[in-house]
Amino acid sequence: MNPHRWKHRPEGSNWGDFGADDQIGRMNLLTPERRLRAIRTVEHGLAFCLSLPLDYPGGNTLFQHRKPPQFIHERRGEGFNFNFKLSSVCSCFSDVVSDDAVMLYTQYSTQWDGLGHVGQMFDADGDGLPEKCYYNGFRGGIDVVGPDDVSSGYGAHAIGIERLANAGVQGRGVLVDLEKIHGRKRALVGYDGLMAALDAQGATVETGDFLCLYTGFADIILEMNKQPDGEVLKNSCAVLDGRDDKLLQWITDSGIVAICADNFAVEAYPAQPGKGDQYPGLPLHNHCLFKLGLNLGELWYFAELAQWLRANERSSFLLTAPPLRLPGAVGSPVTPVATV
Ligand code: UVW
């Protein structure tokens, strides 16, 4: 219990279980022993890059509020700090130097969702009125502040993505090959479908694992060559069914520390309709980010790793995937590496 932030925690949440002020949630389960177990899966020394080029998907058709990276060049002297001849600092210098600046939407391409990405209106203090809440009762407007709250200095002052970076994101990945089962057909995968896929591979998931989902979605994005066709993408590949309570309960019970998928949102977005007057529009995000403090990775790229794992009848690997240690961000690009 945390008397200073919340009196009630959401049903099915783990708030307080990792400490009243915990900011990394399920990543706490990634212990040294579990990291060592992950390292022991490495037999060949082969490494796979699990990121799309960060200028994919291209345009903003996939999600209109996220745009491709844009380079900005700082002026220097008469020109720019790019292809800049250092001889203008001292005629004795022969160097040419270039620097980058970039306007980067942190969740445009291969990314981590931080715990400040999705919260919920929830009556944590028991006064009968819902507040903007995030994992472990951190508050919108107090801990996670935006331009509506303050005129400057906004960002996630708690549960920022730098906390995840600081946790050292390295452990055992288990890739579930949904593409092998469903091809590129749209498929809503709930508890039964996920268990069937794990059984088909003879794969097991243990506490501390990263659950990775290969659906083929990022492969289509690459093939579209930065001209994504929204209609095709909406109707392609497997997505988790965030309205399947049995699936959500399995996520709680499994001890996994994160779910990383190559599709847009891990879960179906939009989700199936919910029950009652008001419900989360992103039910799996709600369960994972808000209730459990369990990070989601999206738009990862698994094609070559999946082919290798298929050919070698394996499912697990060492995953190294730290986000940027960027204080205050609610998400981050990531260049995950799988080592087998
Ligand atoms: C949304 O916020 C819609 O998506 P995501 O968490 O998948 O980036």
Only residues that are surrounded by fewer than 23 Cβ atoms within 10 Å (Cβ to Cβ), touching a Pro at 6+ places or on another chain (Cβ under 9 Å) and not small (Gly, Ala, Ser): list them for region 265-277, please. 272
Take residue 137 and decide whether it is in contact with a Lys or Arg (Cβ under 6 Å, 6 or more places away or on another chain), farther than 29 Å from residue 294 by Cβ and in contact (Cβ under 8 Å) with a residue 60 or more places away in the chain. no
Going through region 42-92 in order, the residues found to be within 19 Å of the chain's Cα centre (by Cα) and aliphatic (A, V, I, L, M) are 50, 52, 54, 62
Are any of the residues in region 236-249 of a type in the set (A, V, I, L, M, F, W, C) and either surrounded by fewer than 18 Cβ atoms within 10 Å (Cβ to Cβ) or touching a His at 6+ places or on another chain (Cβ under 6 Å) (or both)? yes
One residue is enough: does region 322-335 have a residue meeting the conditions within 23 Å of residue 36 (Cα to Cα), more than 12 Å from the ligand (Cβ to nearest atom) and touching a helix residue (DSSP H, G or I) at 6+ places or on another chain (Cβ under 9 Å)? yes
Positions within region 280-304 being assigned to a loop (DSSP other than H, G, I, E, B) and farther than 16 Å from residue 261 by Cβ, in sequence order: 280, 281, 293
Kindly indicate which of 303, 258, 265, 271 is near the ligand (Cβ under 10 Å from one of its atoms) and either more than 23 Å from residue 184 (Cα to Cα) or not basic (Lys, Arg) (or both). 265
Has region 30-44 got at least one residue that is in a loop (DSSP other than H, G, I, E, B) and within 30 Å of residue 158 (Cα to Cα)? yes
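No value in this document is a laboratory result; all are computed from the given coordinates. Note that the coordinates shown come from a computational prediction; the quantities given were computed from them, not determined experimentally. Positions of Cβ are backbone-derived with ideal geometry, glycine not excepted, and every protein chain shown enters the neighbour counts.
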